[in-house]
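First the structure, in the form of structure tokens, and then the observations on it.
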Amino acid sequence: MTDQTRRTFLKEAALGTAAILAFPPSTVLGANDRVRVGMIGVGDRGGELLKQVRAVPGVELVAMADVYRRRRDEVKNSVPGIQTFDDHRRVLEMKDVDAVIVASPLHTHARHFLDTLAAGKDLYAEKTMTWSIPEAEKCLAAAKDSGRIVQIGLQYQSSGALTDTRQWIQNGWLGKVTHVESWMSRNTPHGKGQWVRPVPSDCTAQNVNWSAFLNGRPDRPFDPFKLINWRLFWEFAGGNCAENMVHQLAWIISVLDLPLPSAAYMSGGVFSEKDGREVPDTIAVTLDFPKDIVVTWQSTFSNKHYELGDRILGSDGTVEHHFDEAVQYWPEKVNRPGGEATRGTTHDQDHMRNWIECVRSRSQPNAPAEIGYRSAIAVHMANLSYKNKRRITLEEAKAVVPEF
Ligand SMILES: NC(=O)c1ccc[n+]([C@@H]2O[C@H](COP(=O)([O-])OP(=O)(O)OC[C@H]3O[C@@H](n4cnc5c(N)ncnc54)[C@H](O)[C@@H]3O)[C@@H](O)[C@H]2O)c1
């Protein structure tokens, strides 16, 4: 059998007929097969993911799509022979692409997610999984039906801190947890706005597939500032909840095995970055979860003294987690008098390598669509509460029809 027929044969054997009809055949790879990867959206984050995936043995980067010519030229210079396109569908049509990495702006995530699975490819999709709740429902359903391997770019799901904390909770060392407090803070020099990027001089209508960027948003003349600084505007972005809270929340949801929040409240505003942006720079979120747990997340862009972290507060113990540091545990002496303070020892896994290994083994990666979904719903509930200036329940949030 040729490589291609063997791949197709194995794929057909592994999936039922219904799945094949819904999701056209692509590939199932053996443990030693090369994984041929395509990318959609290779800007800042995509550039990092490109380096990460090329560092995994047995991976070949064969194609990429980006609406902006500059990004395609940059990739062509660093990956000789790669095929480049300004339309993501050209990558998905390629028979010799097994798996696709999506690192496009938030408002295009669901389109790229669904199209990639419909083309029968495995998927690494950057967080937040989607821009809206209805999109999150569709993407979760598609991931479940597709039989494809889906990893969400929530890399803290591959952290040793997650393994250690889960173990401490399973050991009963925390007792009853009723509150998790988390925070994330940044600062920039006076006069320099957080997230604001300069617009390169070659960012012109001739060099950008503008309608592909708009992805169904109301048509308008080319706007280079919005292409480069999409993060600042609600129609393309989800603010700092989608950029950063989602990482911490996914981690908290995973260690405590939390379902969807039952309600959310978010206050704040554009208090420090008064540059015309729509998304708030100062945020306080409260999420009520079933199981008697409240999670709070607080964020500012004008003071980074406490940087970022999470504290899980239980009747018998406390976990403090700062990203990129060993996670720590302290017993509550009133309830665990013999308990010892402990530091986590488990090493982090490489999140990208975990995805590629799962593409080969067909096992579930560390950040499957389910955690992408739960964390995305929590993000969207918080943002809906902020926009409506009131507490919002899960049922109310699910009934909202998103508007651009
Ligand atoms: N996991 C992490 O730690 C992490 C870190 C940073 C960013 N991200 C996520 O990565 C994504 C991208 O962020 P970024 O900072 O790289 O943004 P970016 O603007 O630098 O890059 C996005 C790229 O997508 C291209 N693009 C826009 N519309 C497209 C379309 N329809 N088809 C193909 N390409 C298109 C743009 O030209 C650009 O090159 C966001 O979802 C962000 O939240 C994740």
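Laboratory data are not the source of any read-out in this text; all were calculated from the coordinates shown. Keep in mind the model is a prediction, meaning the values are calculated, not measured. A quick note on method: Cβ atoms are made from the backbone with ideal geometry, for glycine too, and the neighbour counts reach across all protein chains shown.
For the reader, a short list of remarks on this structure follows.
Yes/no matrix, rows are residues, columns are (1) closer than 13 Å to residue 299 by Cβ; (2) surrounded by 15 or more Cβ atoms within 10 Å (Cβ to Cβ); (3) within 18 Å of the chain's Cα centre (by Cα):
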site	(1), (2), (3)
206	no, no, no
218	no, no, no
228	no, yes, no
236	no, yes, yes
253	no, yes, yes
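- Search result, residues across segment 181-232 that are in contact with a strand residue (DSSP E or B) (Cβ under 9 Å, 6 or more places away or on another chain), under 22 Å from residue 402 (Cα atoms) and not small (Gly, Ala, Ser): 213, 227
- Pair list, Cβ < 6 Å and 6+ apart or interchain, from segment 229-240 residues that are touching a residue at least 12 places away in the same chain (Cβ under 8 Å) to residues that are assigned to a loop (DSSP other than H, G, I, E, B) and among the hydroxyl-bearing types (Ser, Thr, Tyr): 238/128
- Restricted to segment 319-342, and to residues there that are charged (D, E, K, R), closer than 18 Å to residue 175 by Cα and out of contact with any Pro (no Cβ under 8 Å at 6 or more places or on another chain), the residue that is surrounded by the fewest Cβ atoms within 10 Å (Cβ to Cβ) is 333.
The rows are residues; the columns are (1) under 30 Å from residue 239 (Cβ atoms); (2) hydrophobic (A, V, I, L, M, F, W, C); (3) buried (at least 18 other Cβ atoms within 10 Å of the Cβ).
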| residue | (1), (2), (3) |
| --- | --- |
| 69 | yes, no, no |
| 75 | yes, yes, yes |
| 82 | no, yes, yes |
| 105 | yes, no, yes |
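- Residues located in segment 51-107, provided they are among the acidic types (Asp, Glu) and away from the ligand (no atom under 14 Å from the Cβ): 60, 93, 96, 98
- Just one of the numbered conditions (1) surrounded by fewer than 24 Cβ atoms within 10 Å (Cβ to Cβ); (2) within 16 Å of the ligand (Cβ to nearest atom); (3) not charged (D, E, K, R) is not true of residue 152: (1).
- Considering each residue of segment 305-315 in turn, at least one proves to be surrounded by fewer than 17 Cβ atoms within 10 Å (Cβ to Cβ), more than 16 Å from the ligand (Cβ to nearest atom) and under 19 Å from residue 194 (Cα atoms).
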